[in-house]
1. Please report, ordered by residue number, the strands (runs of 3 or more DSSP E) entirely within region A:160-271 with at least 3 residues that are within 14 Å of another protein chain (Cβ to nearest Cβ) and surrounded by fewer than 22 Cβ atoms within 10 Å (Cβ to Cβ).
2. For residues in region B:115-127 being within 15 Å of residue B:294 (Cβ to Cβ) and surrounded by fewer than 24 Cβ atoms within 10 Å (Cβ to Cβ), which is modelled with the highest pLDDT?
3. Spot the failing condition for residue B:210; the list is (1) over 25 Å from residue B:52 (Cβ atoms); (2) of a type in the set (Gly, Ala, Ser); (3) under 26 Å from the mean Cα position of the chain (by Cα), and only one is missed.
4. Inside region B:63-87, can you point out the residues that are surrounded by 13 or more Cβ atoms within 10 Å (Cβ to Cβ) and either farther than 19 Å from residue B:5 by Cβ or over 25 Å from the mean Cα position of the chain (by Cα) (or both)?
5. Under the condition of being at the interface with chain B (Cβ under 9 Å from one of its Cβ atoms), among the hydrophobic types (A, V, I, L, M, F, W, C) and more than 16 Å from the chain's Cα centre (by Cα), which residue from region A:272-296 is farthest from residue A:152 (Cα to Cα)?
6. Name the single residue, out of those in region A:18-47 being touching a Phe, Trp or Tyr at 6+ places or on another chain (Cβ under 9 Å) and either within 14 Å of chain B (Cβ to nearest Cβ) or of a type in the set (A, V, I, L, M) (or both), that is surrounded by the fewest Cβ atoms within 10 Å (Cβ to Cβ).
7. Inspect region A:96-107 for any residue being among the polar types (S, T, N, Q), assigned by TED's automatic domain parsing to the domain that holds residue A:66, part of a loop (DSSP other than H, G, I, E, B) and without any contact (Cβ under 8 Å) to a residue 12 or more places away in the chain and give the result as yes or no.
8. Could you say whether any residue in region B:26-35 is without any contact (Cβ under 8 Å) to a residue 24 or more places away in the chain and touching a Gly at 6+ places or on another chain (Cβ under 9 Å)?
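The values are calculated or read from the model by the stated rules, or taken from the named source; none is laboratory data. In this text, all values refer to a predicted model and were calculated from it rather than measured experimentally. Backbone-built Cβ (ideal geometry, glycine too); neighbour counts: all protein chains shown.
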2 protein chains.
Amino acid sequence: MTEQNLQVLLTARPVGRPSPDDFTFVRTAIPSAGEGQVLLGIRYLSLDPYMRGRMSAAKSYAASVEIGQVMEGGTVAEVIESRHPEYKPGDIVLSYSGWQSYALSDGTGLRKLAPGQAPVTTALGVLGMPGFTAYAGLLLLGQPKPGETVVVAAASGPVGATVGQIARIKGARAVGIAGGPEKCALVRDEFGFDATLDHRSPSFAEDLRAACPDGIDVYFENVGGKVWDAVFPLLNTFARIPVCGLVAQYNSTGPFEGPDRLPVLMRDVLTKSLTIRGFIQREFSEHRPAFYREMAQWLAEGRVKYKEDIVQGLESAPEAFIGMLEGRNFGKLIVQVA
Amino acid sequence: MTEQNLQVLLTARPVGRPSPDDFTFVRTAIPSAGEGQVLLGIRYLSLDPYMRGRMSAAKSYAASVEIGQVMEGGTVAEVIESRHPEYKPGDIVLSYSGWQSYALSDGTGLRKLAPGQAPVTTALGVLGMPGFTAYAGLLLLGQPKPGETVVVAAASGPVGATVGQIARIKGARAVGIAGGPEKCALVRDEFGFDATLDHRSPSFAEDLRAACPDGIDVYFENVGGKVWDAVFPLLNTFARIPVCGLVAQYNSTGPFEGPDRLPVLMRDVLTKSLTIRGFIQREFSEHRPAFYREMAQWLAEGRVKYKEDIVQGLESAPEAFIGMLEGRNFGKLIVQVA
């Protein structure tokens, strides 16, 4: 059998939790590079929570994936064939080629990677979009000052882990929340957070209060749900809340049961002069060169560490993605495509 | 009968809507100025929504008024007797002397007014705390750009009216919301808003949508309640929401009935990169000199107008205050004390 291009199409819009049935695998002929194009062989596919939003028809900052189209996603790929002056076979690039094993590109949005500097998979994690999300959201919006308390959930994941480690570099206290003792141990022992909490503990809210004796100055919001409820009463006057994700509610379908928490939120926004700021990393693109420079140095110095969770084969992508929305990954989730 | 000091004490903490019974009038001897003090004769007392918060025991940015103490409030007063080197009898000052007819001061927080420049009552309104709240919240947090749409409620009140007029000076479209045809006419004809809406209209939400064909870029939040519900779906990407008040919910007692609007709020914070920022004007004190300078000029040029609602006698203060929380005032509410 000749090798073919394995593609994962979105063929149904999930209501609530996605199902493997929302995806369809197809095999098509591997295309050839036209004039000005490169053929990419995908090596690694990044799986990220934002993809849940792309599966919905709801209006967002990015267009939905159309039904019948290849699922979107960031990838690390090798140039197989090039009719583009800037690329040659063997080049390793960061691309946005989606859930498939081959893709054509005219070079738009490609970035050459230097495999000698760092493992190429880091371009999907700590040195890529998740790392930059942490960097921009924490430093530009959260603005932690020395001695302040920064709280972040999903602290074993690529965004949360990076938020906490940068907070510590800036002299703040990092309090991390994760699910289960294994993840908590990683956050505490490997990433060096000042305090680590298991959100599955029945005493989680009290544990958080005890871990934040001076209250919370920055809450980097990437999950929502019950973590928010525990964080909210601990927020200090002038606390900053960069909002980059709400993974705990991505699979929820409204309307949501009462009581209505909005009036209480707004009351505290007012009386504590809180700042709540949603963002997507690309609005801070001009800071990306500084990020690459600083993060590469922090990695080289061992001041920032990371953990990857690499699953094998594109066939595993739907189940791995669905599991990630429920916290079943352990570190930055990446699919090794080939 | 010798003249006495009429004082209004807070003698009960209201649950929900304040009642006249929460206040007690007492008459005490008029004090004499000690060394370094002035005796102030209060001429005007400002009534403002924030005072509802001071009546509660709940923690806020400011301490509660203690039970049995004189209600707090900004005043315009005349120096009656002075043993302070910087003040002489006849001086008119802005003070924070509370709900009473006489008060002693050691000079802390006093500001001399120049009665020739503007009516002294403006120091309690457009040239005072409400005007500075509008100025700082709109310009420093709302940051309206030319052509953008700025929405504000309580638009016939001292904060809302000023927000809309400054928005227009900065080249933005001002959409004002008020209660009833008389207030709407003032907002439209006198304050020159681009569009004016009556929140009592049964078609209010649709009216607002029609008045904001390009969506809402800045919503200056001073009321909350159903105005928020109408504004929320119209917010544009990167909309800014300075929160300076929530008068529609000050008298509410939780818990609030569902559905829970918090998850929907946070979803839009995320997908629209919204900024929600509570504030109190005094955090921007360093901008006050610029405010006095600019606002005095705008007033002199007729580019900013204002309306005052002056009630007679300190005896009227409780009823006037309670009515203000329900929108029954018409312009900046001031009590002429003497």
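1. Here the list reads A:235-243.
2. Of the residues in region B:115-127, the ones within 15 Å of residue B:294 (Cβ to Cβ) are B:117-118, B:122, B:126-127.
Narrowing further to those that are surrounded by fewer than 24 Cβ atoms within 10 Å (Cβ to Cβ): B:117-118, B:122.
On the way: B:117: 81, B:118: 88, B:122: 97.
Among those that are within 15 Å of residue B:294 (Cβ to Cβ) and surrounded by fewer than 24 Cβ atoms within 10 Å (Cβ to Cβ), it is B:122.
3. Just one mismatch for residue B:210, condition (3).
4. B:64, B:67, B:79, B:80, B:81, B:82, B:83, B:84, B:87 - these are the residues of region B:63-87 that are surrounded by 13 or more Cβ atoms within 10 Å (Cβ to Cβ) and either farther than 19 Å from residue B:5 by Cβ or over 25 Å from the mean Cα position of the chain (by Cα) (or both).
5. So the residue we want is A:274.
6. Step by step, filter region A:18-47, then rank; the result is A:30.
7. No, because not a single residue in region A:96-107 is among the polar types (S, T, N, Q), assigned by TED's automatic domain parsing to the domain that holds residue A:66, part of a loop (DSSP other than H, G, I, E, B) and without any contact (Cβ under 8 Å) to a residue 12 or more places away in the chain.
8. No, because not a single residue in region B:26-35 is without any contact (Cβ under 8 Å) to a residue 24 or more places away in the chain and touching a Gly at 6+ places or on another chain (Cβ under 9 Å).
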